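Every number here is computed from the coordinates shown, using simple stated rules; none is lab data. Note that the structure is a prediction, hence the values are computed from the model and not measured. We place every Cβ from the backbone using ideal geometry, glycine too, and count neighbours over all the protein chains shown.
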Amino acid sequence: MKYILEFLEHAHVSSHENAIGILGDLGQDSKFGEQTEYFKRLIQEAQSMGLDCYVFTDFDRNGTTAWTLNGDEWSQIYRGLPKVFYDRSFRKKAASGGKSNTRALFNFGCTPINSADFRRLALDKYRTYSALSASKPGGLSLPRTEKFSASGLIPFLEGCSSCILKPRFGSGGRGIIKISKINDGY
């Protein structure tokens, strides 16, 4: 009986809605962590273009709890899966059986805006640099970039007045160090 009632509760929701979904992760200090403001801007931009857009964190084949904005306030409702989604999640979901979210949602009939290959590239700063360098994009100036090594740091610094050390993976400015030449030291 419990399962029949759960089914009836969501029977009006089609399995795929003509919407754009943003797959994210719930945050500790704010709704979606460091991505909360970014998600707000994405939804506001979509709404200004007349598009139906929402954020979701967990999903199964039948649908998801979706968050959208009413003014500046988040509201949630159970909805079908979006036809198109943008994967901004950094963890694997139970619904995906430990596989990538992109692949799981694709197997459920949703179309990714960003493929798994693109996400692997975009999450790795050095890999992104290497791909851009190899494609030689016209008019795009790429900074001199090398992988860190203790033996290569001083020779690298000798060729410039300052440099930025960044972790290969991560976001939000965490772990970034600026090294600047000051008189006879750094």
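Just the number, please: Stokes-Einstein D of the stretch 141-180 in µm²/s, Kirkwood Rh from C-alpha pairs, 20 °C, 1.002 mPa s.
Values: Rh = 11.2 Å.
For these conditions, the coefficient is 191 µm²/s.
Taking the Cβ-Cβ separation of residue 168 and residue 41 as r and a Förster radius of 22 Å, what is the calculated FRET efficiency to the nearest 0.05? Provide the component values of the computation, followed by the final result.
Numbers: r = 27 Å, r/R0 = 1.21.
With R0 = 22 Å, the Cβ-Cβ based efficiency is 0.25.
Taking R0 as 25 Å, what FRET efficiency do you get between residue 74 and residue 125 from their Cβ-Cβ distance, rounded to the nearest 0.05?
Numbers: r = 31 Å, r/R0 = 1.23.
The calculated FRET efficiency here is 0.20.
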